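Take a look at the structure set out below.
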Amino acid sequence: MPVSTDAVVLGAWAPLTQAKQILDIGAGSGLLSLMAAQRSTAHITAVEIDDAAIQACQRNIDASPWADRISLIAGDISEIATKQSQRFDHIICNPPYFETGPQSDKTGRATARHTDKLTFAALTRAFDGLLSEQGKITLIMPIESLAAWNKALEQTPQLTLLHQCDVVSVRGKVAKRVLLLLGRNRATPVQSQLVLREPNNSYSQEMIALTRDFYLFM
C-alpha cells in the first residue's frame, strides 16, 4: 500500500496523545499504527485482512522503534468485533469508501478502497462494539462519501459527530476530503478547515505545523 497524504494527515490530526489503547482498523502497511506509536505511549492493536498487507505491516512494525507496543491481528474487523472483549479509547481508520466504479486489479488495493468488503454500516457497528465509553474515533474519506457515511451513522445512534474538518488540497479550491471525529457524548459538532497547499504548490503553514514530524523535508 502506498503512503498517502490522506493517511499522513489523518494520523497527524487525530487526538491520540493521551490515548492508552488505540485500534487501527485496516492497517495496510502499518503507517497509522506507527504514527500513533510515535505520537503516544499507547499500546496499538492493528487489524488487517489482506495477506500481503499483513506481511508488509508486520515487517514495518518489526523494523520500527515501537514493535513492543504494536500488535497485529489478521482478520475481518466485523468478526473480530463480536469476539473482542477489550475496549479502545481511540479508534483510527482510513476506511474503504468507493461504493461503485472500477476496482484495482490488485485485490488488496481494491479491498482497501471499496466498501463491498466492509460497508459503512458494518464499520459503524464495529466502532460501537469496540469503543470505550469515553473513547474517540477518527477517520478520513472523500467528501462525496459523506452523505452515505452519515446515513450509516444514523443507524448507530450511540455514536455522534464531534468535529468535521474539511480538507482542501489547494487554497481557493473546494474541499475534496473530510476528517471526522466521533464519540459517544453528544455535543454541537465543531466545523473547521485544513488547507494542504498554497496556489504556488508550496505546503501551507497549517499543513507544515500539522505534519512536520512525519516528513523528512517539510
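The values are calculated or read from the model by the stated rules, or taken from the named source; none is laboratory data. Everything quoted here is computed from the prediction, not taken from an experiment. Every residue, glycine as well, gets a Cβ built from its backbone with ideal geometry; the counts of neighbours run over all protein chains shown. Note: areas computed on protein heavy atoms with side chains; ligands, DNA, RNA excluded. Shrake-Rupley method; radii C 1.70, N 1.55, O 1.52, S 1.80 Å.
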Residue within segment 172-182 that is within 28 Å of Phe88 (Cα to Cα) and open to solvent by 30 Å² or more (accessible area, probe 1.4 Å) present: yes
Where a residue in segment 74-101 is over 26 Å from Ala12 (Cβ atoms) and modelled with pLDDT of 95 or more and its partner, wherever it lies, is open to solvent by less than 20 Å² (accessible area, probe 1.4 Å) and of a type in the set (D, E, K, R), with Cβ under 8 Å and at least six apart: Ala74/Glu48
One residue from Asp68, Asp24 being farther than 24 Å from Thr124 by Cβ, among the acidic types (Asp, Glu) and outside any loop (DSSP other than H, G, I, E, B): Asp68
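Among the residues of segment 29-48 satisfying the criterion of being assigned to a strand (DSSP E or B) and either without any contact (Cβ under 8 Å) to a residue 12 or more places away in the chain or of a type outside the set (A, V, I, L, M) (or both), which is most open to solvent (accessible area, probe 1.4 Å)?
This residue is His43.
Just to check your reading of the model, which residue among Asp6, Asp62 is of a type in the set (D, E, K, R) and closer than 16 Å to Asn94 by Cα? Even if it seems obvious, please write down each step before you answer.
Working: Asp62 fails: closer than 16 Å to Asn94 by Cα.
The conditions single out Asp6.
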Residue pairs meeting the criteria (Cβ under 8 Å; at least 6 apart or on separate chains; first free of Cβ contacts under 8 Å to residues at least 12 places away in the same chain, in segment 144-155; second charged (D, E, K, R) and open to solvent by 100 Å² or more (accessible area, probe 1.4 Å)): none
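Condition check ((1) in a helix (DSSP H, G or I); (2) in contact (Cβ under 8 Å) with a residue 60 or more places away in the chain; (3) open to solvent by less than 20 Å² (accessible area, probe 1.4 Å); (4) within 26 Å of Met207 (Cα to Cα)) across all residues:
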site	(1), (2), (3), (4)
Asp128	yes, no, no, no
Pro157	no, no, no, no
His163	no, no, no, yes
Val168	no, no, yes, yes
